[in-house]
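First comes the structure, then the notes that go with it.
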Amino acid sequence: MERSITLAGRDVAAVLDAAEGLSRARPAEDDVQELLRSVSGLVQGDVLFWNRLRKGPPTRRIAEVGFPHAPRNAPWDDWLAHLDEHPIMSGKHGSVTAVSDVFGPRDLERTWLYQEALRPAGVGHEIGVHLSHPSGEIHVVVITRGPGKDFDDRDHLMLRLLRPHLDAALRRLAFPTPRLTPRETEVLRLVREGLTDGQVAHRLAISEATVGKHLQHIYARTGAQSRVQALSLCSAALD
């Protein structure tokens, strides 16, 4: 059972200010660094980074942005081999997780994670925010500290409160609303109403095959695999 914790008024105000700033984020890498800077004002760390991976085979890194600099990583193949053992990157332990939530100090020292990744990089503690993501991807923000003070209950709570705002901002940066043609927008709006391809074709006075081609173009542009996913990814463009 989690312990009850009360945030000081200044911490609540800081979360609200950060949430407001995140709502103004625009699709540019500089803004990712600004997002990480705003998080660092709430939960202090030596290095903060956003990591987005697409699981394979082969697994590949789609994006990594660090503040104030990129993290020092273990060799890629070794890191991938131990990905599921990582308390944060595995996504197995909740939306906000510190390495110390899973491993005690002695247990951690016996792991590959500590011996080959954390210790060589001078990292004593890590906490991460596991964000929403498409199927087959990993999407996290990680904060590291050197040896010394670990992340505490206040840090966990601050990140849990900030998570939905951080998640929304990074989704806008990572998955900007795709541009649809006027006809594609018409087709997708009718799909949203629950119409079949044949019904869409009748409504727009086009062939059913043309409706299918429009949908295929939408899937190719957005990476969607289904109507439901296309509607989710294009929701802002349909309003």
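The charge dipole of segment 93-210, taken about its Cα centre with unit charges on the Cβ of Lys, Arg, Asp and Glu (plus for the first two, minus for the last two), comes to roughly 320 debye. In this structure the chain gives 55 Å² per residue of accessible area when probed at 1.4 Å with all protein chains present.
For an R0 of 41 angstrom, estimate the FRET efficiency from the Cβ-Cβ distance between VAL228 and ALA8 and round to the nearest 0.05. Result of the calculation: an efficiency of 0.45. Using only side-chain charges placed at the Cβ, +1 for Lys and Arg and -1 for Asp and Glu, the dipole size of the chain relative to its Cα centre rounds to 600 debye. Select from GLU193, GLU34, GLU109 the residue whose mean-square fluctuation is largest in a Gaussian network model of the chain (Cα-Cα springs shorter than 10 Å). So, out of GLU193, GLU34, GLU109, the one fluctuating most is GLU193.
Roughly speaking, what % of Cα-Cα pairs in the chain are separated by over 32 Å, rounded to a whole number? Result: 33 percent of Cα pairs exceed 32 Å.
Comparing VAL15, ILE5, GLY45 along the charge dipole axis of the chain, the residue lying farthest to the positive side is VAL15, per the Cβ-charge model. Note on ARG54 and ASP77: the extension gain reaches 6.8 nm, defined as 0.36 nm multiplied by sequence separation minus the Cα-Cα distance. Only helical runs count toward this figure. For the chain, summing -39,500 (n - 2.57) over DSSP H runs of n ≥ 4 and dividing by all residues gives -13000 deg cm²/dmol at 222 nm. Helices assigned as whole DSSP H runs in the chain whose Cα atoms extend at least 18 Å along their own long axis and whose mean Kyte-Doolittle hydropathy is 0.5 or higher are found at 9-22. Modelled label positions at ASP84 and ALA168, each set 7 Å beyond Cα in the direction of Cβ, lie 3.5 nm from each other.
Between THR196 and ARG154, residue separation times 0.36 nm minus the direct Cα-Cα distance comes to 10.1 nm.
Contact order for segment 150-239, expressed relative to its length and based on alpha carbon pairs under 8 Å spaced 6+ residues apart, stands at 32 percent.
Residues of the chain were split at every exposed loop site, defined as trypsin sites (Lys or Arg not before Pro) in a DSSP loop with at most 14 other C-beta atoms within 10 angstrom, and the longest piece left, sites excluded, is 180-239. Take the Cβ atoms of ASP239 and ARG106, set R0 to 41 Å, and the FRET efficiency comes out at 0.15.
According to the Kirkwood relation over distinct C-alpha pairs, the hydrodynamic radius of segment 90-163 is 13.1 Å.
The values are calculated or read from the model by the stated rules, or taken from the named source; none is laboratory data. Everything quoted here is computed from the prediction, not taken from an experiment. In this analysis, Cβ positions are derived from the backbone assuming ideal geometry, glycine residues included, and neighbour counts consider all displayed protein chains. Calculation scope for accessible area: heavy atoms of the full protein, side chains included, ligands and nucleic acids excluded. Shrake-Rupley method; radii C 1.70, N 1.55, O 1.52, S 1.80 Å.
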